[in-house]
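Have a look at the structure below before the remarks.
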Amino acid sequence: MPKNTEGQDIVSIQNVIKEYHLDKVVVPALRGVSLSVEAGDFLSIVGPSGSGKTTLLNLIGCVDVATSGTVLIDGHDTKSLNDRQLTDLRLNTLGFIFQSFNLVPVLSVFQNVEFPLLLQRKFTKEERAKRVDELLEKVGLDKHTQHRPSELSGGQRQRVAIARALVTRPKIVLADEPTANLDSVTGENIIDLMKEMNRVEKTTFIFSTHDAKVMSHANSVIRLADGKITDGKGAKAGAH
Amino acid sequence: MSQLFLIAFRNLVSHGRRSLFLGGAIAGVTTLLVFLGCLSSGVKQTMLESALTVATGDMNVGGYYKVTAGQSAPLVTDYKKVQEIIQKTLPDLDFVTARGRGWARLVSDQASMQVGIAGVDMAHEPRLPQVLKLKEGNLQDLAKPGNVLIFENQAKKLKVKAGDSLVFSVLTDRGVNNTVDVKVCGVAEDMGLLTTFNVFLPQETLNKLDQTNESTTGAVLIYLKNRRRIPQDVDLLRKALTGAGYNVVDRSSKAFWMKMQEVNKEEWTGQKLDVTSWDDEISYVTWTLSAIDGLSFLLTTVLLVIIAVGIMNSLWIAIRERTREIGTLRAIGMRRWRVMVMFVLEAFCLGVLGTAAGAVLGSFLALILNAMHLPVPAGIQFFTMSTTLKFALDPARILGGMAIITFCCTVISLIPSFKAARMRPVTAISHVG
Ligand SMILES: Nc1ncnc2c1ncn2[C@@H]1O[C@H](COP(=O)(O)OP(=O)(O)O)[C@@H](O)[C@H]1O
Ligand SMILES: [Mg+2]
């Protein structure tokens, strides 16, 4: 398997078509998308609701497979991997931030952030604690490590989610409308935090949004409409 | 793994009512199983106790003696010789003792009843004083001819107490009524069914009543140091007796008295011996143990099926409620089998906690009822072999029951858990509700 080095494309998508089959109706969600993302990018995918943002992020996130076309993540062709290999790729290479935070409600803030490290089984208890504490301090939650998610505000929860996504030092963090459930001030703080992490940890961030203000923080922007890229770096299959 | 445990446990706690309901049901079944188990063990102990000391020994050599082909008497002639063979043959012998066997009418001023008689020689009965608990009178006097030891229930029926006189009456072969006057030297505490129709009489007095001679007895009772060797010892002794020239009836696990009718139909005359173990002798009531065990098995199975449905349902609900969580965990890199383990552990924890609570409750209930000495209705006494309900805790059995129920809970949870693990992460994450 080819491995990407610094500055090269960490995500490479070619002619991807994704169709959903609802009973006998075929719903086209992505209609020939090509796209490459450089390592270290802070990329925003924008577009109206139903334009295919979530679908595209799911393909990059290896939780779904394209109907046709190729998706290369860190050099791995996702079509050629089985469920277990995809799972391990998600664990080690990808981080996820969800619109509705999706923390494990019965675990504390600390335990939520530590969880991916436990799945990796690579670190000792001390190493894990060090990494988790360090990250929780960076996201400003070092005073809340023993709280349950339900005891936190939306903004705080999304900070926990960011820490969880970053704890394994993934190459790519995917965030599907991370600010949609937050008020605009909190939302902007979250994007600032993500950007800070992008700068400090050199992690590639790909996030979707339909908020112009949020979008303005991105290094590069891709516009989706009706399952096609209309503007941005991969816009070959675009407008005309 | 410990984190999966924590998630499972905390989810159980956070759905307190649902868990309590299911856990309560599991505890209930365990309670029932443990309770019936204690009853079964208790009855078994009582049977053993009363059978061993009152009637059968660990094993015994009985005899059928036929003067004419159609009529046998429960006699072992020249029993001293039989005792010698036993002493030579059985390596783990504790002691042997001869017991006369008789059947007579016991008559008081006010009432009468048919009783079985055990003729004893107190000089050779080291265990009897340890087991019989006297309410009145004393046991030593049973060494003297003309005394009789009866049990509480008989004293009540005959309306007599220690010191009162009774008359034994038997119809002899020649059709004459033979009677012997005796004095009640003691009244012993009831010890189960066998003591409702058995009394103890000095061998000498029994001989006088039955007009048999001293060299003859009813059976030679054998007490062993190690009861586990009984089946081997029975075979050993059969061979030894046959080798010494005795006729020994075929081995069958029936009580001595049950075989008497069969023996009467056979053509031969003279002496035949039989070697039986204590459980042969009470085989006609040991089915009650099987009945209790069968009943608890049946009840437990039925209830377990109901609980299994409950567990499945509750897990289906949990999985639907937590679909998005499953999707999230799968997305961030949790492998399928761990998702499965996460839910199976929930059922497992519920099983362990529920059965533990049930075991404690069931044991407690059994101990309390045991202490209450509940009387058994007369009609059922025959089956329980005791006059009060007795419960005994059998740790191996309780732990076994807990393990089985927990195992069932865990196994049944595999089905929904497997489905949960098979869910596609993408559908799970986008699940609403
Ligand atoms: N699971 C699905 N089944 C059927 N159609 C779907 C499914 N998910 C998305 N779609 C359709 O695919 C298109 C793109 O959806 P989506 O990727 O969710 O867009 P966005 O995230 O930009 O709102 C929409 O028309 C949507 O209705
Ligand atoms: Mg979307």
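The values are calculated or read from the model by the stated rules, or taken from the named source; none is laboratory data. Bear in mind that the values here come from a model prediction, so they are computed numbers and not experimental data. We place every Cβ from the backbone using ideal geometry, glycine too, and count neighbours over all the protein chains shown. What goes into the accessible areas is simple: the full protein's heavy atoms, side chains included, and nothing from ligands, DNA or RNA. Shrake-Rupley method; radii C 1.70, N 1.55, O 1.52, S 1.80 Å.
From A:Leu94, A:Leu35, which residue is away from ligand 1 (no atom under 13 Å from the Cβ), in contact with a helix residue (DSSP H, G or I) (Cβ under 9 Å, 6 or more places away or on another chain) and at pLDDT 95 or above?
Only one candidate passes the filter, namely A:Leu94.
Can you find a residue that is away from ligand 2 (no atom under 16 Å from the Cβ), crowded, with 17+ Cβ neighbours inside 10 Å and within 27 Å of A:Phe115 (Cβ to Cβ) anywhere in region B:355-373?
no
Could you tell me which residue of region A:82-138 is farthest from the chain's Cα centre (by Cα), considering only residues that are under 21 Å from A:Val11 (Cβ atoms) and loosely packed, with under 15 Cβ neighbours inside 10 Å?
Checking each candidate, the answer is A:Asn82.
Which members of region A:139-184 meet the condition of being among the hydrophobic types (A, V, I, L, M, F, W, C), within 16 Å of ligand 2 (Cβ to nearest atom) and surrounded by 23 or more Cβ atoms within 10 Å (Cβ to Cβ)? Walk me through how you get there before you give the answer.
Step one: list which residues in region A:139-184 are among the hydrophobic types (A, V, I, L, M, F, W, C), which gives A:139, A:141, A:152, A:160-163, A:165-167, A:172-175, A:180, A:182.
Checking the rest, the ones that are also within 16 Å of ligand 2 (Cβ to nearest atom) come to A:174-175, A:180, A:182.
Correct list: A:Leu174, A:Ala175.
Here is a check on your reading of the model: is A:Gly69 within 16 Å of ligand 1 (Cβ to nearest atom) and either at positive phi or open to solvent by 20 Å² or more (accessible area, probe 1.4 Å) (or both)?
Taking the combined requirement at face value, the residue satisfies it.
State whether one or more residues within region B:174-181 are open to solvent by 80 Å² or more (accessible area, probe 1.4 Å), assigned to a strand (DSSP E or B), at pLDDT below 90 and not aliphatic (A, V, I, L, M).
Within region B:174-181 (the criterion being open to solvent by 80 Å² or more (accessible area, probe 1.4 Å), assigned to a strand (DSSP E or B), at pLDDT below 90 and not aliphatic (A, V, I, L, M)), the answer is yes, since at least one residue qualifies.
Taking only region A:30-66 into account, find how many residues are among the small types (Gly, Ala, Ser), surrounded by fewer than 22 Cβ atoms within 10 Å (Cβ to Cβ) and within 16 Å of ligand 2 (Cβ to nearest atom).
In the first step, residues of region A:30-66 are kept if they are among the small types (Gly, Ala, Ser); the result is A:32, A:34, A:36, A:39-40, A:44, A:47, A:49-52, A:61, A:66.
Then keep just the ones that are surrounded by fewer than 22 Cβ atoms within 10 Å (Cβ to Cβ); that gives A:32, A:34, A:36, A:39-40, A:49-50.
Next cut, within 16 Å of ligand 2 (Cβ to nearest atom) only: A:49-50.
The qualifying residues number 2.
Could you check how many residues of region A:211-223 are touching a strand residue (DSSP E or B) at 6+ places or on another chain (Cβ under 6 Å) and either farther than 20 Å from A:Ile97 by Cβ or surrounded by 20 or more Cβ atoms within 10 Å (Cβ to Cβ) (or both)? Give the steps one after another, and end with the answer.
Taking region A:211-223 first, the residues touching a strand residue (DSSP E or B) at 6+ places or on another chain (Cβ under 6 Å) are A:215, A:218-223.
Those left that are additionally either farther than 20 Å from A:Ile97 by Cβ or surrounded by 20 or more Cβ atoms within 10 Å (Cβ to Cβ) (or both): A:218, A:222-223.
Result for region A:211-223: 3.
Hey, among the residues in region A:188-210 that are within 16 Å of ligand 2 (Cβ to nearest atom) and buried (at least 21 other Cβ atoms within 10 Å of the Cβ), which one's farthest from the chain's Cα centre (by Cα)? Show your work before the answer.
At the first step, the residues of region A:188-210 found to be within 16 Å of ligand 2 (Cβ to nearest atom) are A:206-210.
This time we only want the ones that are buried (at least 21 other Cβ atoms within 10 Å of the Cβ), so: A:206-209.
Numbers: A:Ile206: 6, A:Phe207: 6, A:Ser208: 9, A:Thr209: 12 Å.
Filtering first and then ranking leaves A:Thr209.
Looking at this structure, is B:Lys133 within 20 Å of B:Ala55 (Cα to Cα) and in contact with an Asp or Glu (Cβ under 8 Å, 6 or more places away or on another chain)?
On the way: within 20 Å of B:Ala55 (Cα to Cα): yes; in contact with an Asp or Glu (Cβ under 8 Å, 6 or more places away or on another chain): yes.
It is true that B:Lys133 is within 20 Å of B:Ala55 (Cα to Cα) and in contact with an Asp or Glu (Cβ under 8 Å, 6 or more places away or on another chain).
Which ones in region A:38-52 are within 14 Å of another protein chain (Cβ to nearest Cβ) and more than 13 Å from ligand 1 (Cβ to nearest atom)?
Once the filter is applied, which keeps residues that are within 14 Å of another protein chain (Cβ to nearest Cβ) and more than 13 Å from ligand 1 (Cβ to nearest atom), region A:38-52 yields nothing.
Given the criteria free of Cβ contacts under 8 Å to residues at least 60 places away in the same chain, of a type in the set (S, T, N, Q) and more than 9 Å from chain B (Cβ to nearest Cβ), does A:Asn102 qualify?
no
Could you check region B:198-211 and list, in sequence order, the residues that are in contact with a helix residue (DSSP H, G or I) (Cβ under 8 Å, 6 or more places away or on another chain) and open to solvent by 10 Å² or more (accessible area, probe 1.4 Å)?
If the condition is that a residue be in contact with a helix residue (DSSP H, G or I) (Cβ under 8 Å, 6 or more places away or on another chain) and open to solvent by 10 Å² or more (accessible area, probe 1.4 Å), then B:Asn198 is the only one that fits.
Within region A:7-14, identify whether any single residue is away from ligand 1 (no atom under 16 Å from the Cβ) and surrounded by 21 or more Cβ atoms within 10 Å (Cβ to Cβ), and answer yes or no.
yes
Output the qualifying pairs, or none if there are none: Cβ atoms under 8 angstrom, residues six or more apart or on different chains, first residue in region A:69-86 and basic (Lys, Arg), second residue buried (at least 19 other Cβ atoms within 10 Å of the Cβ).
A:Lys79/A:Ala66; A:Lys79/A:Val71
Looking only at residues in region B:307-362 that are within 13 Å of another protein chain (Cβ to nearest Cβ) and among the hydroxyl-bearing types (Ser, Thr, Tyr), which one is nearest to the chain's Cα centre (by Cα)?
Only one residue fits best here, namely B:Thr323.
Quick check on region B:108-157: of everything there that is aliphatic (A, V, I, L, M) and open to solvent by 50 Å² or more (accessible area, probe 1.4 Å), which residue is nearest to B:Met59 (Cα to Cα)?
The qualifying residue nearest to B:Met59 (Cα to Cα) is B:Ala123.
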